[in-house]
Amino acid sequence: MAKKEVMLLGKWASPFVRRVEWVLKLKGIQYDYVEEDLSNKSSLLLNYNPIWKKVPVLVHRGKPVVESSVILEYIDETWKENPILPDDPFERAMASFWAKFAGEEVELLVYCPWL
């Protein structure tokens, strides 16, 4: 397989990785996927995300972007075709709010299911 300019480091069970994958596919962006074993983190993950050491990590032309919400904004700004966020600033702010809210709720359910 030819090496692509976009690589996604992820874990199949992560909803945060899934949403990055959905956006990449919606925008028609070709990418290489690297499955990470989070109990034995690869040198690739530790190199591209040395602070958090978590997935997802999007690598575009050798430069890493971390945190799923930041990755989604980066994708939308870098590849203008098929925008995922509205042009109107208010509508864009509302969409960002609800995406952040939903992400926090998923994270709460994943890490604190007893609440």
(request) Could you please find all residues in the range 34-61 being over 10 Å from Gly10 (Cβ atoms), open to solvent by less than 50 Å² (accessible area, probe 1.4 Å) and assigned to a loop (DSSP other than H, G, I, E, B)? (result) Ser42, Asn49
(request) Output the residues belonging to the range 71-108 that are under 19 Å from Tyr33 (Cβ atoms) and in a helix (DSSP H, G or I). (result) Ile71, Leu72, Tyr74, Ile75, Thr78
(request) Please enumerate the residues belonging to the range 75-90 that are of a type outside the set (S, T, N, Q), open to solvent by 70 Å² or more (accessible area, probe 1.4 Å) and either modelled with pLDDT of 95 or more or closer than 25 Å to Val55 by Cα (or both). (result) Glu77, Lys80, Pro83, Phe90
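The values are calculated or read from the model by the stated rules, or taken from the named source; none is laboratory data. Keep in mind that this is a model prediction, so the values were computed, not measured. FYI the Cβ positions are ideal-geometry reconstructions off the backbone, even for glycines, and counts take in every protein chain you see. Accessible surface is based on the protein model in full, side chains and every heavy atom, while ligands, DNA and RNA are left aside. Shrake-Rupley method; radii C 1.70, N 1.55, O 1.52, S 1.80 Å.
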